[in-house]
Every structure is written in structure tokens, then in C-alpha cells.
Amino acid sequence: MAQYCLEEGSEFGVVLIREGPEIGDEVAKTHAVGTTAEIADFRDAGDHILVLAIGRKRFRIVQVFDDGPYPEAEVELLSEQEGAGVSPEVVADIRSLFADEVDLILQLLGFEGVELEIPAQADKLSYMIAAHLRIPLQAKQELLETDRCGQRLARELELVQKERQEYRLLLAAREHFDWDTAGDGLEQIFSDN
């Protein structure tokens with residue numbers, strides 16, 4: 001499928017599996033809402049391809065066709081009114097908090113000074129936040145299924161605030177502890193739990 005999309009320059013659909021196997025003869029049962037995805041980059045790893053894909057448009061599955069080499073579906077694209085019901089001030093506040101979180105993550109990873117482009121449009125911002133949150137896939141699915149951008153951003157605001165606190169604690173711990181010279185002393189700091 002990836003090879004076909006690369007050759008044709010076409011998008012593909014991504015949906016979260018509810019139950020069943022990801023690969024094999026049995027077709028997995030998926031959630032009804034997914035997203036189209038565009039291959040942004042890929043690497044040939046010999047026996048498989050590593051793909052970086054970017055989600056583009058939400059859709060709802062109308063009908064599944066599982067008689068080909070991979071499942072296909074007829075889908076209905078879901079419309080999204082850009083930021084309907086969300087004030088520019090609220091979007092700016094959430095964007096600022098998320099930018100702070102991204103900065104903390106980059107500091108933790110040792111990439112101080114690197115800047116990530118964060119969208120100013122409410123709908124695109126909400127999807128970027130959802131993609132980067134450290135939450136279970138089912139919680140991400142619930143965000144994807146949320147039709148109203150304002151509701152999605154309100155939920156994400158809570159999650160971003162919580163994660164920012166966690167990243168701040170990790171960064172403070174890293175700054176007060178030299179991991180490279182700790183050696184065997186780590187067992188004195190961390191329990192087996």
C-alpha cells in the first residue's frame with residue numbers, strides 16, 4: 001500500500017483498531033472515524049519501508065471492502081469549521097501553553113533552541129496537540145471523534161497543563177542530577193517499583 005501511495009502520490013486512511021489483529025488474514029474491526037494521511041517522508045529499510053505520514057482530513061467510514069490485498073473503505077469526509085466558537089484569545093493562550101510544552105520537551109531531549117512551527121488556526125492546532133499528547137490511543141481517538149474544535153481544545157488544555165507540569169519536574173530533576181556520572185548510585189534513588 002505504501003508503495004502504491006508513493007508511486008501515485010495519493011493519500012491513505014488511518015483508523016484505530018478496536019479489536020482483531022493488525023496483520024494477517026482476519027480483518028480487524030476499527031473505529032468509524034479516522035483521518036486521511038499523506039506520506040511526508042519515507043526510508044527503505046530493506047525488508048520494509050519506514051513511513052512518516054501527516055494526518056490531513058477526518059473521515060467517517062461508510063462501508064468497508066476487505067476483498068483486496070488490504071482493506072479499503074468508502075468514506076465521508078467530515079467538515080470542520082475553522083475554530084468555530086473559539087475566540088482568538090483562547091486559541092492564542094492554548095497555543096502559547098503548547099509552545100511552552102514543546103520547548104520543555106526539546107530541552108529534555110537536548111535540542112535547546114530548536115523551534116517547531118505551531119499552527120495558529122484552531123482546528124490545525126487542536127490536531128497537532130492531539131498528535132503530540134502522551135495519552136492512550138483510545139483517548140486520542142476520542143479527541144479525533146470530537147466534532148467541535150472548541151470542545152477538543154478545552155480537553156486538550158487540561159492535558160497540556162498536566163503534561164507541562166510533568167515535563168517541568170523532569171527537567172528540574174535532570175538539571176539537579178548528573179545522569180552520566182551516576183553509575184551504580186541509581187538504585188539508591190529509584191526503587192524496583
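Brief remarks on what is shown
- Each residue of the chain gets 188 Å³ once the volume of the Cα convex hull is shared out per residue.
- Cubic angstrom per residue, convex hull over Cα atoms of the range 38-144: 157
- log₁₀ of I(q)/I(0) at q = 0.11, 0.15 Å⁻¹ - the range 2-77, Debye sum with one point per alpha carbon: -0.30, -0.57
- Mean Kyte hydropathy of 0.5 or more with a Cα span along the axis of at least 20 Å, helices from DSSP in the chain: 88-108
- Entry for the range 88-178 at q = 0.19 Å⁻¹: log10 I(q)/I(0) = -0.87, Debye formula applied to identical alpha-carbon scatterers, no solvent contribution.
- Among LEU16, LEU116, LEU108, residue whose mean-square fluctuation peaks in a GNM of the chain (springs only between Cα atoms under 10 Å): LEU116
- Sequence ranges 169-177, 87-95, ranked by mean other-Cβ count within 10 angstrom, highest first: 87-95, 169-177
Bear in mind these aren't lab numbers, they're just calculated from the coordinates by the rules spelled out. All values reported here derive from a predicted model rather than from experimental measurement. As a convention, Cβ positions derive from the backbone with ideal geometry for all residues, glycine included, and neighbour counts pool all protein chains shown.
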